[in-house]
Each structure stands twice: as C-alpha cells, then as structure tokens.
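Taking it in order: structure first as structure tokens, then the write-up.
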C-alpha cells in the first residue's frame with residue numbers, strides 16, 4: 001500500500017529527478033521509491049558487513065588470548 005510522504009529536496013535534486021523521469025518515462029515518485037529501496041539495501045549490506053567484522057574481531061581477540069595462555073605454559 002502506498003502512502004503519501006512529503007519531504008524537501010534541493011533544486012538540483014528536483015531538476016535531476018525531472019530530467020531522469022522525462023528520459024526514462026518513469027514517474028518521479030517511482031524513481032524516488034526505487035532510490036530509497038536501493039539505499040536501504042545498501043545500508044543493510046553495510047550493517048551485515050559490520051556485524052561480520054565485529055565477529056571476526058571478537059574471534060581474533062579470543063585467539064590472541066588463547067595464544068598468550070599457551071605461550072605462558
């Protein structure tokens with residue numbers, strides 16, 4: 001279901017959106033929705049990458065601790 005959402009854009013953004021809409025014959029509203037979906041997907045990818053890196057860092061820290069304990073034996 002589509003709902004109305006109002007926001008302010010810079011003049012350059014509006015001009016680019018109008019031009020792209022004219023060139024592609026895709027409505028401005030659809031272009032905005034597609035852009036938001038793409039951005040949200042990128043954010044989700046970034047979130048997953050950061051979580052993966054956090055887990056890798058944790059595992060490396062655990063490995064360092066284990067190596068230190070083994071070295072002290």
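So if I check each of 60, 70, 20, which one is in contact with a helix residue (DSSP H, G or I) (Cβ under 9 Å, 6 or more places away or on another chain), in a helix (DSSP H, G or I) and without any contact (Cβ under 8 Å) to a residue 24 or more places away in the chain?
Answer to the check: 20.
Of all residues in region 33-57, which are over 16 Å from the mean Cα position of the chain (by Cα) and either touching a residue at least 60 places away in the same chain (Cβ under 8 Å) or under 30 Å from residue 13 (Cα atoms) (or both)?
none
Mind telling me which of the residues 70, 31, 2 ends up being surrounded by 10 or more Cβ atoms within 10 Å (Cβ to Cβ) and on the phi < 0 side of the Ramachandran plot?
Exactly one residue qualifies, and that residue is 31.
Bear in mind that the values in this text are calculations on the coordinates, not laboratory data. Model, not experiment: these values are computed from the prediction. So basically every Cβ, Gly included, is an ideal-geometry build from the backbone, and we count neighbours across all protein chains shown.
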